[in-house]
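The values are calculated or read from the model by the stated rules, or taken from the named source; none is laboratory data. A quick note: this is a predicted structure, and the numbers were derived from the prediction, not measured. Counting neighbours? That spans all protein chains shown, and the Cβs are built from the backbone with ideal geometry, glycine included.
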Amino acid sequence: MELTVDNTTVTVLCGLAIAAGIVGVVVPILPGLLLCWLGVLAWAVFGDGGWVKWLVLAVVTVFAVAGTVVKYLWPGRNLKRSGVPNSTLLVGGALGLVGFFVIPIVGLVLGFILGVWLAERARLGDHRQAWPSTVHALKAAGLSMLIELAAALAIAATWGVGLLVA
């Protein structure tokens with residue numbers, strides 16, 4: 001039995017993986033950058049395109065690694081400056097995970113906000129002081145998402161250029 005897949009099928013499937021990765025950045029259910037990178041990897045391995053596909057894969061790998069590193073370092077540095085400890089983010093993440101299963105998708109955000117606020121309320125002892133820390137954590141989470149989205153869109157654009165050139 002011979003299994004053959006034509007180039008169009010490979011391209012469409014890889015494009016769907018990249019699109020799912022971009023959606024996964026915005027709706028944090030799927031591993032966004034990883035899916036985008038895997039889509040380009042599959043295109044490079046199984047698609048037609050000669051040496052261009054390997055160049056595209058190399059550029060996309062740089063975007064994926066840089067996006068992953070920067071999405072943790074930059075917001076983390078801002079949080080440290082504002083005095084929000086990592087333990088607060090862990091509590092927010094844990095409650096976000098619980099919230100995701102209690103109220104699908106929306107519960108992730110609501111649980112994160114509630115978890116950060118509760119942790120800061122317990123740490124600082126005052127709900128008025130806990131709210132600014134919660135806002136700093138939300139800004140950091142938003143910045144992290146924007147960094148990851150920028151990297152995912154750069155991956156998609158690079159892949160698109162690779163399709164045109166190859």
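Some observations on this one:
- Count of the stretch 49-66 residues which are surrounded by 14 or more Cβ atoms within 10 Å (Cβ to Cβ) and either at pLDDT below 95 or more than 30 Å from V109 (Cα to Cα) (or both): 7
- Considering residues of the stretch 30-48 that are in contact (Cβ under 8 Å) with a residue 40 or more places away in the chain and over 17 Å from V62 (Cβ atoms) only, the residue surrounded by the most Cβ atoms within 10 Å (Cβ to Cβ): G47
- Close pairs from the stretch 128-142: first in contact (Cβ under 8 Å) with a residue 40 or more places away in the chain, partner of a type in the set (V, I, T) and surrounded by 20 or more Cβ atoms within 10 Å (Cβ to Cβ), Cβ under 8 Å, at least 6 apart: S133/V84; S133/T88; S133/V116; H136/V84; A137/V84; A137/T88; A137/V116; A140/V84
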